[in-house]
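In what follows, a structure is listed as structure tokens, so that the remarks can point back to it.
The values are calculated or read from the model by the stated rules, or taken from the named source; none is laboratory data. Remember, it's a predicted structure, so these values are computed and weren't measured experimentally. Here Cβ is always computed from backbone atoms with ideal geometry, including for glycine, and neighbour counts include all displayed protein chains. Remember, those area values only see protein heavy atoms, side chains included, never the ligands or the DNA or RNA. Shrake-Rupley method; radii C 1.70, N 1.55, O 1.52, S 1.80 Å.
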Amino acid sequence: MDHEIMIKILAEKIRDNRFLRLMRNMLRAGYLEDWRWNATLSGAPQGGVVSPILSNIYLQKLDDFAGNTLIPEYTRGESRTRNKEYEKARQAYARARKKGDHQKARELRRKQASLPSVNCDDPGYRRLRYLRYADDTLFGFTGPRAEAEEIKERLTTFMRNELRLELSDQKTLITHARTGAAKFLGYEITTQHSGTSGRKAINGSIALRVPIPVIKAKCSPYLARGKPAAITALHNRSDYDIVAAYGAQYRGIVQYYLLAGDIHRMDRLRWVMATSLLKTLAAKHGSSVAKMAARYKAAIETPHGPRTCFEAVRIRDGNQKPLVARFGGIPLKRRKTAILTDRVPGRETHPRKEIITRLLRNTCELCQHSGQVQVHHVARLADLARPGHGQPAWARLMAAKRRKSLMVCPPCHDQIHAERPPAASTATASVTGKPDAGKAGTSGLAGGRTEKDPRTAGTSLYGLPNCLWAYVSSRAGPRWAVRWAGVQA
């Protein structure tokens with residue numbers, strides 16, 4: 001990713017120079033390796049939440065080029081023309097059946113099945129499809145290989161000149177969909193062909209397959225010398241955790257490949273993981289695989305009928321439902337509509353208001369007076385006494401709201417800090433009454449009279465442990481003055 005091109009693309013939609021300057025500084029911030037700073041000459045910060053967004057914005061130019069330039073140029077024709085040889089065989093077959101010549105009709109039927117019904121090399125028919133996920137791109141083209149090479153060359157030129165990116169020679173391949181398979185997002189993408197027998201209706205349709213190397217790679221952690229083996233690292237865990245660990249791994253792999261037409265190949269993975277699971281449980285309990293299978297075997301209902309699985313249950317105290325860990329029980333059937341369903345977080349019945357919104361109301365939450373407001377804050381809700389008799393009104397309100405902040409007007413704020421703590425409250429400070437004039441003072445404040453400092457006493461006055469306290473005297477009598485956040489309260 002070229003930084004100047006990235007900023008240029010952002011500047012097309014964003015007119016805020018401060019934001020653009022911030023993005024430029026972030027891209028050029030550099031990185032640390034072995035405690036040494038290195039300059040970032042290109043690319044986006046790895047691991048940052050903004051990196052995928054910047055990459056998608058950067059590759060939007062490729063999307064526009066493919067959608068507005070390449071696809072219109074390499075897409076033409078409504079449908080392929082009919083194959084003349086196929087039409088001749090079809091008409092001859094109809095005449096032979098009409099005459100009652102069944103031997104000739106069978107021969108013409110076999111010839112008709114060996115011929116395509118349309119002209120596959122029709123020069124007036126072309127199709128180009130484009131798909132991108134992050135930095136993985138797939139083009140589907142119906143046409144000769146020479147034109148596919150031309151599209152690849154135009155893509156290479158565009159990426160180099162416009163985006164200053166180079167296509168990987170090892171990953172940028174042109175694959176015939178019938179004789180080979182294109183690899184995209186872990187799937188193999190091919191074109192189906194039934195040959196001279198079977199359903200010809202599937203000829204030319206796209207199919208998704210599970211790659212054989214993927215199945216072997218997923219089975220290898222559970223194999224030892226070619227056979228399923230126990231995982232010794234799980235012996236110290238509970239049966240519930242062991243079954244849950246195996247079930248999560250198997251469920252994630254199988255559900256990802258449910259779109260594949262040959263999902264039944266995952267039965268090899270199911271057998272390997274199930275055997276490894278039973279061997280792990282047997283090694284933990286000093287038992288046999290057959291006994292573990294009989295102990296944890298269960299049956300569940302699925303849309304395709306009952307399925308066998310292995311379950312482990314964890315009983316919880318009280319009236320809580322038991323936790324159930326399950327391995328297997330997923331029908332290895334293709335799901336054309338298999339999609340990822342993200343759980344939407346439930347909306348709170350009483351959503352909390354943001355502190356900015358409460359400030360902008362300019363309304364005292366204590367006396368409901370409109371005007372300028374200030375924020376009264378406590379460090380913890382536990383510093384407030386429980387609601388009850390003898391608690392100040394402001395503390396009672398904060399405890400009822402379950403909020404550590406309170407929007408109050410200046411008079412109410414002064415009254416909060418000038419009030420004496422209730423004698424019955426145990427959550428407030430132990431500073432009550434007037435200072436003792438007979439005690440020797442050490443701080444020199446107010447003529448040598450001292451008072452017990454709430455901070456040194458381990459308590460907090462009115463639930464404000466973060467305030468700075470100082471003892472002063474005036475004509476109205478001695479009192480405690482509170483300084484919070486550097487402002488006289």
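Does the stretch 73-110 hold any residues that are over 30 Å from E150 (Cβ atoms), open to solvent by 100 Å² or more (accessible area, probe 1.4 Å) and touching a residue at least 24 places away in the same chain (Cβ under 8 Å), and which are they?
Within the stretch 73-110, R110 is the sole residue that qualifies.
Right, F141: part of a strand (DSSP E or B), at negative phi, surrounded by 16 or more Cβ atoms within 10 Å (Cβ to Cβ) and at pLDDT 85 or above or not?
Criteria met by F141.
Tell me, please, whether a residue that is within 25 Å of the chain's Cα centre (by Cα), at pLDDT below 85 and either open to solvent by 60 Å² or more (accessible area, probe 1.4 Å) or more than 30 Å from L131 (Cβ to Cβ) (or both) can be found in the stretch 30-46.
yes
Mind checking which residues of the stretch 47-68 are among the aliphatic types (A, V, I, L, M) and within 23 Å of the chain's Cα centre (by Cα)?
Result: V49, V50, I53, L54, I57, L59.
Is it the case that D63 is closer than 30 Å to H176 by Cβ, in a loop (DSSP other than H, G, I, E, B), charged (D, E, K, R) and open to solvent by less than 40 Å² (accessible area, probe 1.4 Å)?
Details: closer than 30 Å to H176 by Cβ: yes; in a loop (DSSP other than H, G, I, E, B): no; charged (D, E, K, R): yes; open to solvent by less than 40 Å² (accessible area, probe 1.4 Å): yes.
So D63 fails the test.
Could you run through the stretch 356-380 and say how many residues are open to solvent by 50 Å² or more (accessible area, probe 1.4 Å) and not in a strand (DSSP E or B)? Give the derivation first.
Of the residues in the stretch 356-380, the ones open to solvent by 50 Å² or more (accessible area, probe 1.4 Å) are 356-357, 359-362, 366-370, 372, 374, 377, 380.
From what's left, not in a strand (DSSP E or B): 356-357, 359-362, 366-369, 372, 380.
Adding up the residues that qualify gives 12.
Please specify each residue of the stretch 139-154 satisfying the condition of being touching a residue at least 60 places away in the same chain (Cβ under 8 Å) and more than 30 Å from the chain's Cα centre (by Cα).
Scanning the stretch 139-154 gives F141, G143, E147, I151, R154.
Filter the stretch 144-193 down to the residues that are of a type in the set (K, R), under 22 Å from Q60 (Cα atoms) and in a loop (DSSP other than H, G, I, E, B) and list them by number.
If we filter the stretch 144-193 for residues that are of a type in the set (K, R), which is where we start, we get 145, 152, 154, 160, 164, 171, 178, 183.
The next check asks that each one be under 22 Å from Q60 (Cα atoms); those that pass are 152, 154, 160, 164, 171.
R164, K171 - these are the residues of the stretch 144-193 that are of a type in the set (K, R), under 22 Å from Q60 (Cα atoms) and in a loop (DSSP other than H, G, I, E, B).
Just give me the residues in the stretch 96-135 being of a type in the set (F, W, Y) and in contact with a Lys or Arg (Cβ under 9 Å, 6 or more places away or on another chain), in sequence order.
Listed by number, the list holds a single entry, Y125.
State yes or no: is S117 within 28 Å of L128 (Cβ to Cβ) and either over 56 Å from the mean Cα position of the chain (by Cα) or loosely packed, with under 12 Cβ neighbours inside 10 Å (or both)?
In short, no.
Give the stretch 305-323 a look and list any residue that's assigned to a loop (DSSP other than H, G, I, E, B) and within 17 Å of R295 (Cα to Cα), or say none.
The answer is I315, and nothing else.
Do you know which of the residues in the stretch 120-138 that are assigned to a strand (DSSP E or B) and crowded, with 16+ Cβ neighbours inside 10 Å is farthest from the chain's Cα centre (by Cα)?
Selected residue: R126.
Working only within the stretch 162-195, note down all residues that are open to solvent by 100 Å² or more (accessible area, probe 1.4 Å) and over 32 Å from the mean Cα position of the chain (by Cα).
H176, R178, T179
Mind counting the residues in the stretch 97-137 that are hydroxyl-bearing (S, T, Y) and more than 29 Å from E78 (Cβ to Cβ)?
Of the residues in that region, 1 qualify.
Among the residues of the stretch 276-293, which ones are farther than 14 Å from V243 by Cβ and either open to solvent by 80 Å² or more (accessible area, probe 1.4 Å) or among the polar types (S, T, N, Q) (or both)?
Answer for the stretch 276-293, where residues must be farther than 14 Å from V243 by Cβ and either open to solvent by 80 Å² or more (accessible area, probe 1.4 Å) or among the polar types (S, T, N, Q) (or both): S287, S288, K291.
Looking only at the stretch 235-257, which residues are within 19 Å of A217 (Cβ to Cβ), in contact with a helix residue (DSSP H, G or I) (Cβ under 9 Å, 6 or more places away or on another chain) and not hydroxyl-bearing (S, T, Y)?
Hits for the stretch 235-257 are A245, Q249, I253, V254.
I'm checking my understanding of the structure. Among residues of the stretch 324-338 that are in a strand (DSSP E or B) and of a type outside the set (A, V, I, L, M), which one is most open to solvent (accessible area, probe 1.4 Å)? Full working, then the answer.
Initial filter on the stretch 324-338 (in a strand (DSSP E or B)): 324-328.
Narrowing the set further to residues that are of a type outside the set (A, V, I, L, M) leaves 326-328.
Values: R326: 92, F327: 4, G328: 16 Å².
Only one residue tops the list, namely R326.
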